[in-house]
Each structure stands twice: as C-alpha cells, then as structure tokens.
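Q: Quick one: structure below, then a few questions.
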Amino acid sequence: MSEHGISNLSREDRVFEPPAELAAQANVTADVYDRAAQDRLGFWADAARRLTWGTDFDEVLDWSSPPFAQWFVGGKLNVAYNCVDRHVEAGHGDKVAIHFVGEPGDTRDLTYAELKDEVSKAANAIEELGVESGDRIAIYMPMIPEAVIAMLASARVGAVHTVVFGGFSSDALASRVEDCEAKLVITADGGYRRGKPSSLKPAVDEALAKLGDASPVENVLVVRRTGEDVPWNGDVDVWWHEVVDESSTDHRFTEFDSEHPLFVMYTSGTTGKPKGILHTSAGYLTQAAYTFWATFDHKDDDVYWCTADVGWITGHSYITYGPTANGATQVLYEGTPDTPHKGRWWEIIADKKVSLFYTAPTAIRTCMKWGEQIPAEHDLSSLRVLGTVGESINPEAYVWYRENIGGGSAPIVDTWWQTETGAHMITPLPGVTAAKPGSAMTAFPGVTAEVVDDAGTPVGNGEGGYLVITEPWPSMLRTIWGDDDRYVETYWSRFKAQGYYFAGDGAKKDDDGAIWLLGRVDDVMNVSGHRLSTTEIESALVSHPKVAEAAVVGAADETTGQAVCAFVILRESAGDGGEDVVAELRNHVGKEIGPIAKPRQVMVVPELPKTRSGKIMRRLLRDVAENREVGDATTLADSSVVDLITAGMSGAK
Ligand code: WTA
C-alpha cells in the first residue's frame with residue numbers, strides 16, 4: 001500500500017468483453033485511441049467537422065493564455081441549426097426526434113420537421129419579447145418537449161440559457177436569475193409529479209418578488225401544461241400558446257462564433273454560492289455530439305432514452321444537444337419511475353423499443369431494492385447499450401443492471417464526467433472495451449486523464465491519487481460566470497505548476513492501468529493512517545444480499561483519527577434484517593476489503609439524505625455520526641429524511 005495512495009484493498013476481477021456482433025459493427029474501433037493520441041487536435045478537428053459550419057475554423061485550439069481556452073477559432077455555426085434544421089434539409093424531417101411520455105400517460109411524438117417549426121416559432125417569439133444575442137434566459141420547466149424547445153430556441157438566437165431544475169426552490173431560482181441577470185424566464189404552470197400536478201409558476205412569482213426592484217426579469221413566458229389556475233401579472237407574464245403558437249415557423253438565424261456563450265449551468269460548490277459554469281458553442285457541441293455517437297454507439301435506427309432531467313448537465317449534453325446533433329430519436333419522460341407503478345420505466349422501454357438507455361447508479365439500486373421480478377415482466381430485448389453516470393456504480397448494481405435490464409449481454413458504459421467537463425471524459429467504449437464492473441476504465445479518445453500524487457507526479461499501476469486532466473478539451477468549461485478568479489482558483493491552482501485541471505475526485509489505476517473513481521477527495525477517509533475510499537466500502541456493503549443502499553462517512557475518532565460509519569438501507573426481502581445484521585455486515589466488509597475497513601458503526605436507516613440530483617449528502621450523515629446538530633439541509637430532495645434518521649438513531653441508543 002502506498003503511503004500517498006488511496007488504498008485499493010477490494011477485489012473485483014470480473015471482466016465483460018464487448019458482444020462480438022456489436023464490436024463488428026461499432027461506430028468506433030480500437031484504433032481510435034492511437035489515432036487520437038498521435039494527432040489529438042486533428043482528431044478533435046475531425047469530430048468538429050461532423051457539425052455543419054457556416055464558416056470553417058482556422059485554428060483548432062488557442063491555449064495561449066491558459067487556463068482560458070478557445071477552440072475552433074475563427075469558425076462560425078448555429079447550434080440549433082446543427083441540432084435540428086440540418087436533419088430536415090438532409091431528408092430526415094419525418095424522423096421522430098422526441099417520443100414524449102407524460103406522467104399521466106399522455107404521449108406526443110415530435111418529428112425533426114415539427115421540432116424545427118417549434119424551435120423557429122419559439123425563437124421568433126423570444127426575439128419579439130426583446131431577447132437579443134448574449135442576453136440570458138432562465139428556464140424553469142418540467143420535463144416536457146417545450147423545455148428542449150426553449151433551450152434550442154435560446155441557442156438559435158444566440159442567447160445564453162440557464163436551466164434551473166424544476167425541483168429547486170424559489171430561492172435557488174432567484175439567486176441564479178440574479179447572478180446571471182436573466183431578462184426572460186421560461187416556465188410552465190406546472191408539471192406532473194407522483195400522480196399529481198405540481199406547480200412551478202408560483203415559485204417564479206416568489207423569486208421575482210424576492211428580487212423586487214432589482215429583478216432583471218422583463219417577461220415570464222409560461223407554457224400551459226397542467227391547466228391549473230396560476231396567479232397572473234399582465235405586465236410581465238405571457239402565455240407560450242399565445243405568443244409562440246402565433247409566431248412564424250420561418251426564423252432567420254445568424255451564425256455565431258465558436259466561442260459564443262451557449263449556457264450557464266449552476267452547480268453547488270462545497271461552500272459558498274453556486275458556481276455558474278459557462279459553456280460555449282462549438283467545442284461543447286463537438287464533444288457532446290461525438291461522445292454521444294461513440295460512447296453509446298448510436299445508429300440511425302436506435303431509440304435512445306436518458307432518464308436525467310434537463311435541469312442537470314446530463315440533460316443538457318445527452319438530451320438536448322448530443323442526441324439531436326446526431327439526429328437521434330429519443331424518449332422524453334416527464335415523471336418518476338414508480339408512477340403509477342414500479343415497472344413504469346421498463347414499460348416505456350418495451351413500448352418504445354428503446355435500444356440505448358442512460359441512467360444513474362442510484363436509480364439502479366432503487367430498482368434492485370424493488371426486486372428483479374418487476375423488470376422481468378417487460379420485454380427489454382430491444383436494449384443493446386446501457387449507460388450510467390453520476391457516481392461509481394457498485395459492482396453488484398452493475399451486474400444486476402447487466403443481467404436484469406441488459407439481458408446478460410448489453411455492455412455497460414460507466415461514464416465519468418462533470419458539469420465542468422461538459423461531456424464524457426472517462427468511459428468504456430461499448431464495441432471496444434473489455435469492461436470491469438465499477439471502473440470507468442479509460443480516458444475517452446482525445447482526452448488526457450491522469451492519476452497523480454500530491455506533488456502532481458503520475459502514480460503507477462495499482463496506486464491511487466488525484467484525478468487530473470492534463471490537456472484542454474473541446475467541451476471544457478470556459479470560466480465561472482462573472483468570476484474568472486474563482487475559475488482559476490477552483491480548478492487550476494491545485495496543480496498549477498503542471499497546468500493540470502483538477503477534477504476534485506480521487507481515483508486509482510488498477511494493475512492494468514484501468515481507472516477507478518473513488519469519489520470526491522473530501523469523501524476519502526483516513527483511518528489509522530490508511531486512506532480508505534467511501535465508495536469502496538459502500539460497494540462492499542451493497543454486495544451483501546441484505547443491503548439495498550449504503551452510505552459511508554468518516555467520523556472523527558479519538559483513536560484512529562477517523563472511523564468508518566455506515567448507514568444502510570436493507571432490502572425489502574431482508575425484512576428487518578434480524579438482530580445480528582450489524583455484526584454480519586461488519587464482518588462482511590472485513591472479509592471483502594480487510595479488517596481496517598470494518599465500520600465502527602453500522603446504522604440501519606429507512607432512507608438516505610439525497611440532493612435532488614441523487615447525490616448522497618454525506619456532510620449531513622457526518623453530522624449525525626459525530627453527534628452534531630445537522631447542518632443546512634435545504635438542498636435535500638426530501639428534508640424529512642434527516643428527521644427519520646436522527647429519530648432512528650436516538651431510538652437505537
Ligand atoms: C461524480 C455529472 C464516478 C464525480 C455528469 C464527479 C462519477 C461528479 C461518475 C460530477 C462516474 C460522475 N463514476 N463518479 N461514472 N460520474 N461522477 O457535475 O465525483 O453533477 O466529479 O456531473 O460526479 O457531478 P456533476
């Protein structure tokens with residue numbers, strides 16, 4: 001075990017080769033890595049030329065004032081034209097772009113020709129409302145086609161959108177609107193959530209009231225989705241169906257510079273106010289489009305479905321931009337996976353014959369908890385590639401996903417990337433990579449990832465350290481909106497001497513050099529001088545048949561510095577787990593990883609505190625484990641979870 005490395009004590013040696021048939025017809029083959037390594041900029045220039053340019057670029061990368069990059073310098077294009085119009089011009093106007101499935105069961109198919117009309121009308125309408133190139137638009141919507149249409153319309157007119165997740169509060173909306181000075185808010189009366197209409201427009205009103213006279217917002221454009229009554233301010237509010245539906249389907253667009261800002265996506269930092277991550281046009285679209293095509297092996301007759309919300313970066317790159325830039329057909333689903341029943345996702349896959357499916361490990365673990373008999377009731381044979389994103393996937397969840405959803409043969413692409421990276425960075429390729437459950441495997445072609453020690457020196461195989469990206473990439477963030485200094489400080493100061501981008505994640509290389517993500521570096525524990533990854537211990541716990549989900553934190557300990565504290569949700573089939581479950585789970589971790597990793601405490605809980613994007617808020621669990629007052633829980637999807645956990649804990653003492 002290396003002194004500086006993060007210990008990798010667990011064993012996972014299963015390897016899944018790509019299915020021969022898929023490999024034989026894959027969009028990219030093994031030679032792509034060499035090609036990209038030999039001429040990295042040439043490789044990205046080729047990827048960029050899959051787009052349609054108004055004016056070709058004359059320089060691939062300008063890195064003369066790092067860390068401020070300019071990609072495809074001198075080029076001009078229109079992002080929305082690339083995502084929509086050009087497919088219609090190429091004769092694919094009748095192809096379905098979006099199979100929309102509303103939670104109540106309503107459906108709507110939009111072809112590329114229809115999408116072009118809708119985006120053009122919306123573009124005309126927002127210009128009519130005074131939006132000009134460079135202006136900001138906040139989008140606060142349920143998962144309905146108008147969310148995608150609004151984003152593409154914004155891109156079409158050269159405005160900069162900031163999508164605020166519909167589950168966020170009016171406070172969150174207000175701070176984002178204020179930070180980027182949005183002139184227009186696009187929202188809906190509401191959407192459907194767990195079988196009921198859930199309103200949105202009142203939160204916009206609250207946000208504007210909070211901003212008061214300082215509000216930069218001139219208009220609120222409201223889509224009618226639920227038909228419920230909404231408060232109305234005739235000076236500001238405008239119905240979508242009144243202005244968009246009346247607009248012309250003929251919209252003359254301009255071509256914008258490669259580096260024209262496309263959107264700002266706010267992401268929470270560990271402290272302080274959210275950071276507005278800025279992405280620009282051509283580099284972002286190049287990598288979103290190319291990775292979609294290569295990572296999912298997208299073919300013209302595929303039906304793709306990403307279960308993310310457009311309020312997250314995944315929804316930007318792999319719903320709104322990547323798939324449409326490739327002329328793909330995709331499913332857009334409004335609701336939750338268990339409304340009206342726990343087989344809803346699998347029913348949609350069977351119905352729409354989904355072949356490429358992209359979701360998050362937390363969702364897979366939830367489905368595992370519900371039991372494999374639920375997906376077994378549906379015909380999932382159309383699926384050929386499965387993807388995950390958001391956190392490392394525990395080997396047990398991986399194998400469950402592969403067996404029960406992928407029919408035992410569909411390859412799984414475990415894609416590591418971030419809001420900041422804009423698109424996939426480390427991932428297996430489905431027709432190339434022999435994948436190991438739990439590992440994101442290899443840097444994407446043209447991406448240079450490394451694992452380094454404290455001094456910035458690459459670690460050897462079998463060792464752990466910090467994940468860095470050593471060279472700029474096309475879809476990299478360009479800055480933090482309005483705060484260049486914070487951009488430099490947050491991402492480029494840790495390994496300043498080397499000029500590396502520090503991703504904030506710990507990682508290790510296994511004996512074959514494959515990359516395993518170990519969670520945020522602040523999730524790494526130090527127990528008696530051994531650095532242990534929360535993720536590895538969580539994986540070990542979840543590999544026990546009684547455990548559905550697990551979260552591990554390092555809590556202060558007088559003797560060992562930190563001690564491992566585990567919170568587990570038991571599977572329904574495990575009943576209450578019996579009296580000895582705690583001892584059984586401690587021993588199990590000891591056996592899987594080693595005695596050093598045995599949790600000091602295992603607490604059986606009914607729920608785990610998660611943000612709305614599904615990330616476990618370990619900070620709160622640490623408070624519980626260290627017997628502290630639980631800190632700010634306002635970004636939790638369900639704030640009552642903390643009460644449930646603390647109530648259970650005091651009962652246990
Ligand atoms: C984590 C989501 C392990 C990681 C696209 C990263 C992952 C953060 C993976 C970014 C993965 C994402 N394996 N960890 N496949 N994918 N992460 O900005 O810690 O919401 O830094 O972007 O999620 O989260 P974000």
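Q: When the residues of region 561-615 are filtered to those that are among the polar types (S, T, N, Q) and open to solvent by 70 Å² or more (accessible area, probe 1.4 Å), which remaining residue is modelled with the highest pLDDT?
A: Only one residue fits best here, namely 587.
Q: If you go through region 368-393 one residue at a time, how many are under 17 Å from the mean Cα position of the chain (by Cα) and assigned to a loop (DSSP other than H, G, I, E, B)?
A: Result for region 368-393: 4.
One line per residue, one yes/no per condition, for (1) open to solvent by 10 Å² or more (accessible area, probe 1.4 Å); (2) among the aromatic types (Phe, Trp, Tyr); (3) more than 27 Å from residue 77 (Cβ to Cβ); (4) not in a strand (DSSP E or B):
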site	(1), (2), (3), (4)
104	yes, no, yes, yes
114	yes, no, no, yes
120	no, no, no, yes
124	yes, no, no, yes
127	yes, no, no, yes
154	no, no, no, yes
167	yes, no, yes, yes
171	yes, no, yes, yes
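Q: Which residue out of 183, 201 is within 15 Å of residue 135 (Cα to Cα) and in contact with a Gly (Cβ under 8 Å, 6 or more places away or on another chain)?
A: Testing whether each residue is within 15 Å of residue 135 (Cα to Cα) and in contact with a Gly (Cβ under 8 Å, 6 or more places away or on another chain) leaves just 183.
Q: Output the number of the condition that residue 401 fails; it satisfies all remaining conditions of (1) within 24 Å of residue 284 (Cα to Cα); (2) assigned to a helix (DSSP H, G or I); (3) not polar (S, T, N, Q).
A: Just one mismatch for residue 401, condition (1).
Q: For region 11-29: of the residues being loosely packed, with under 13 Cβ neighbours inside 10 Å and among the aliphatic types (A, V, I, L, M), which is farthest from residue 597 (Cα to Cα)?
A: Looking at the filtered set, the residue picked out is 24.
Q: Kindly list, by first and then second residue, each pair from a residue in region 552-563 that is at positive phi to a residue that is open to solvent by 30 Å² or more (accessible area, probe 1.4 Å) and not in a strand (DSSP E or B), limited to pairs with Cβ atoms under 9 Å and residues at least 6 apart or on different chains.
A: Partner pairs satisfying both residue conditions: 561/528; 561/529.
Q: Cβ-Cβ under 8 Å, sequence separation 6+ or interchain: first residue in region 598-616 and among the basic types (Lys, Arg), partner open to solvent by 70 Å² or more (accessible area, probe 1.4 Å) and away from the ligand (no atom under 16 Å from the Cβ). Which pairs?
A: 598/586; 598/587; 610/638
Q: Okay, next question. So which strands (runs of 3 or more DSSP E) are wholly in region 239-307 and hold at least 2 residues that are of a type outside the set (A, V, I, L, M, F, W, C) and open to solvent by less than 10 Å² (accessible area, probe 1.4 Å)?
A: Per the criteria, 275-280.
Q: Against the definition (buried (at least 24 other Cβ atoms within 10 Å of the Cβ) and either without any contact (Cβ under 8 Å) to a residue 60 or more places away in the chain or outside any strand (DSSP E or B) (or both)), how does residue 422 come out, yes or no?
A: Considered against the rule, which asks whether it is buried (at least 24 other Cβ atoms within 10 Å of the Cβ) and either without any contact (Cβ under 8 Å) to a residue 60 or more places away in the chain or outside any strand (DSSP E or B) (or both), residue 422 comes out as yes.
Q: I want to confirm something. Restricting to region 392-417 and keeping residues that are of a type in the set (S, T, N, Q) and at pLDDT 95 or above, which single residue is surrounded by the fewest Cβ atoms within 10 Å (Cβ to Cβ)?
A: The qualifying residue surrounded by the fewest Cβ atoms within 10 Å (Cβ to Cβ) is 409.
Q: While we're on this one: Within region 129-142, count every residue that is open to solvent by 10 Å² or more (accessible area, probe 1.4 Å) and either part of a helix (DSSP H, G or I) or touching a residue at least 60 places away in the same chain (Cβ under 8 Å) (or both).
A: So the count comes out to 6.
Q: On the basis of being farther than 30 Å from residue 282 by Cα and not charged (D, E, K, R), does residue 468 make the cut?
A: Considered against the rule, which asks whether it is farther than 30 Å from residue 282 by Cα and not charged (D, E, K, R), residue 468 comes out as no.
The values are calculated or read from the model by the stated rules, or taken from the named source; none is laboratory data. Note that the structure is a prediction, hence the values are computed from the model and not measured. Positions of Cβ are generated from backbone atoms using ideal geometry, with glycine treated the same way; all protein chains shown enter the neighbour counts. The protein model used for the area step is the full one, side chains on, heavy atoms only, and it has no ligands, DNA or RNA in it. Shrake-Rupley method; radii C 1.70, N 1.55, O 1.52, S 1.80 Å.
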